[in-house]
Amino acid sequence: MEVNFEKTIKYLISLSVLVSFFSFATPRVEDVLGRDFHNEYILYIGGGPVPYDGIAAYHFMLGEENGDQVYRAFHYPVNPNKDVMDWFDNDILELNTLRPLYKKHPGGEINYDYSVPGEVSLTFINDSGKVKKKIKTDSHNYVTSGPGLMALVGHLPLKLGFEALFSTLSTQFPYGPSYDVDVIEYIVKVVGEESINVRNTIKDSYIVELAPLDETEKRGIYMKAWISKDAPNALLQSVYASSAQRKVVEKNYADRLMKVKNAVKIQSIFKAPKKT
């Protein structure tokens with residue numbers, strides 16, 4: 001049998017390149033969550049630009065919705081008034097994947113249905129009625145607007161050099177009047193470590209950056225967050241802005257920094273049911 005060594009070598013080189021690509025490809029968030037526990041705690045955050053200069057609470061806890069166990073991520077003002085009604089925000093997440101099931105907000109509600117493979121069915125509900133949308137996607141989608149984002153970041157296996165990709169179904173609703181939905185690909189990565197002073201206590205943290213994978217994407221968000229290394233892996237301080245403002249924020253974020261004021265640990269680790 002005659003062997004074409006030139007073709008064989010080219011094939012082996014191509015195969016080597018392909019194996020290297022998949023070996024070093026950036027993982028997806030849904031493939032690295034893999035944690036069978038959920039943190040339960042209340043976090044008080046303050047500072048940042050108006051209207052975010054008051055004190056707000058983030059509350060993360062297990063719960064039930066329609067008979068299923070879920071992970072709830074609340075955000076609400078400590079001192080409610082008519083100017084901060086938008087601070088009431090509740091993301092209800094699928095327990096083991098942290099995909100959104102419902103968003104409940106004064107401006108409206110979103111229901112997510114994953115019953116059809118490769119498709120997400122969204123129902124937008126407000127005083128005007130209901131609007132339904134179907135989005136084709138093969139990836140899990142996660143929340144980048146609202147407290148569900150902090151739940152997601154707090155459950156990642158953070159370490160220096162960590163990075164992962166994920167998708168989000170980006171929409172103005174219920175914070176704005178539009179029902180348009182864009183599928184935006186994000187990258188989240190640990191870019192450094194820092195010890196910061198939190199209420200006269202030095203806390204070790206990972207510096208996490210989250211932004212659209214396409215740096216020219218203007219419809220997404222940009223976040224830089226300092227996440228505690230110890231349980232419950234809580235947000236210690238952060239900067240949050242539109243991705244269109246990223247370059248401005250990166251140069252000078254001091255006046256936009258929101259810092260933790262206090263943390264109440266309800267139960268730092270709770271074992272969730274094993275995946276079936």
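The values are calculated or read from the model by the stated rules, or taken from the named source; none is laboratory data. Being a predicted model, the structure only gives us computed values, none of them experimental. So basically every Cβ, Gly included, is an ideal-geometry build from the backbone, and we count neighbours across all protein chains shown.
Each residue in region 88-105 was checked for being touching a strand residue (DSSP E or B) at 6+ places or on another chain (Cβ under 8 Å), in a loop (DSSP other than H, G, I, E, B) and touching a residue at least 24 places away in the same chain (Cβ under 8 Å), and 3 of them qualify. For region 148-156, the count of residues that are out of contact with any helix residue (DSSP H, G or I) (no Cβ under 7 Å at 6 or more places or on another chain), surrounded by fewer than 16 Cβ atoms within 10 Å (Cβ to Cβ) and within 24 Å of Pro27 (Cβ to Cβ) is zero. So which of Phe21, Phe37 ends up being modelled with pLDDT under 90 and within 18 Å of the chain's Cα centre (by Cα)? So the residue among Phe21, Phe37 that is modelled with pLDDT under 90 and within 18 Å of the chain's Cα centre (by Cα) is Phe37. Of the residues that sit in region 127-149 and are part of a strand (DSSP E or B) and either of a type outside the set (S, T, N, Q) or modelled with pLDDT of 95 or more (or both), which one is farthest from the chain's Cα centre (by Cα)? Selected residue: Gly129.
The rows are residues; the columns are (1) out of contact with any Gly (no Cβ under 9 Å at 6 or more places or on another chain); (2) at pLDDT below 80; (3) among the polar types (S, T, N, Q); (4) farther than 16 Å from His105 by Cα.
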| position | (1), (2), (3), (4) |
| --- | --- |
| Asp53 | no, yes, no, yes |
| Ala56 | no, no, no, no |
| Glu64 | yes, no, no, yes |
| Gly67 | yes, no, no, yes |
| Trp87 | no, no, no, no |
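Would you point out which residue out of Ser195, Ser205, Ser178 is loosely packed, with under 14 Cβ neighbours inside 10 Å, part of a strand (DSSP E or B) and modelled with pLDDT of 85 or more?
Just one listed residue meets the conditions, Ser195.
When restricted to residues that are closer than 16 Å to Tyr102 by Cβ and part of a helix (DSSP H, G or I), region 58-87 contains 0.
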